[in-house]
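Note sheet for the following structure.
The values are calculated or read from the model by the stated rules, or taken from the named source; none is laboratory data. Here the structure is a predicted model, which is why all the values come from computation and not from measurement. Because the Cβ atoms are built from the backbone with ideal geometry, glycine has one as well, and the counts that use them run over all protein chains shown. Calculation scope for accessible area: heavy atoms of the full protein, side chains included, ligands and nucleic acids excluded. Shrake-Rupley method; radii C 1.70, N 1.55, O 1.52, S 1.80 Å.
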Amino acid sequence: MVNVCMFVCLCVQRCVVMDIEGTTTPISFVADVLFPYARANARAHLAATYHTQQTREDVALLRAQINKDLAEGVPGVVPLPPSNATDQDKVIDALVANVQAMIDADRKLTALKQLQGRVWRRGFESGEMKGEVYDDVVQALAEWDTKGIKSYIYSSGSREAQRLIFGNTADHGDLRRYLSAFFDTNVGYARSSNVLPPSHNVRRFFDTALVSKCQKTSYIMGQRE
């Protein structure tokens, strides 16, 4: 159910920013459907796409995160073979071990979320998975749309994953028509002071109703006047 206590004076709001997990979508869908699917299918995805440019970029991002974790002594990190290693299977084995450890620890890492989005795309495109969105969220989105209130998603999940969830819902079809934009940790974390770039034309925090499971004030929309 939508966290209605966060809906403050929507009549004067210009836009609404929503989290996904526990706000638009049951936590159980994320924990019991999305995460296990990514964990179980990461290896197949990497093996099937290993030589594509997109996966090379994803691996480079993961490698950078893994090296950072090794330097910081993060538990459970598995060193990767060097980037010029010729044994693809060994590289994938090490990548999968790290990805699964990250998933199990529920780490909010851009490198992890990006790869998860790629894996989930295979699941959504094949029909193995369908997005789950609360009925009252759909009703709210439609109502805000008729009032000219723009709706946005900000989540630690990648923008690709967000589009997949809202574009392929089990009961409501494609809901992306109600959503003006999607944001992830590439623009900053939820409590950072400058999350969205000024060019995105959301100028005042009080123009925005924030809908999130977070109990602390978030500065997702950045600047105050």
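When the accessible area of region 28-126 is split by element with a 1.4 Å probe, what percent falls to carbon and sulfur?
Of the solvent-accessible surface of region 28-126, carbon and sulfur hold 52 percent.
For the residues S83, S158, S28, a 1.4 Å probe over the protein chains yields an accessible-area ranking, largest first, of S83, S28, S158. Listed peptides 89-101, 166-178 appear in the order 89-101, 166-178 once ranked by packing, highest mean of other Cβ atoms within 10 Å at the front.
In terms of solvent-accessible area of protein heavy atoms at a 1.4 angstrom probe, what is the ranking of T146, T23, highest value first? Mind showing how you got there, number by number?
On the way: T146 115, T23 0 Å².
Highest to lowest solvent-accessible surface, that is T146, T23.
For R159, the accessible area of its heavy atoms, probed at 1.4 Å with every protein chain present, is near 110 square angstrom.
Going by accessible area, probe 1.4 Å, with all protein chains left in place, what is the ranking of D135, D87, largest first?
From most accessible down to least: D135, D87.
Look at where the Cα atoms of region 27-41 and of region 104-158 average out, and the two centres are 13 Å apart.
Going by the alpha-carbon gyration tensor, a ≥ b ≥ c the square roots of its eigenvalues, is region 1-157 rounded (a/c under 1.5) or, if a/c is not under 1.5, prolate (a/b greater than b/c) versus oblate? Note, shape of region 1-157 comes out prolate. Which one of V137, P79, A101 has its Cα pushed farthest toward the positive end of the charge dipole of region 1-146, where Lys and Arg give +1 and Asp and Glu give -1 at the Cβ? Comparing the listed Cα positions along the dipole, P79 ranks first.
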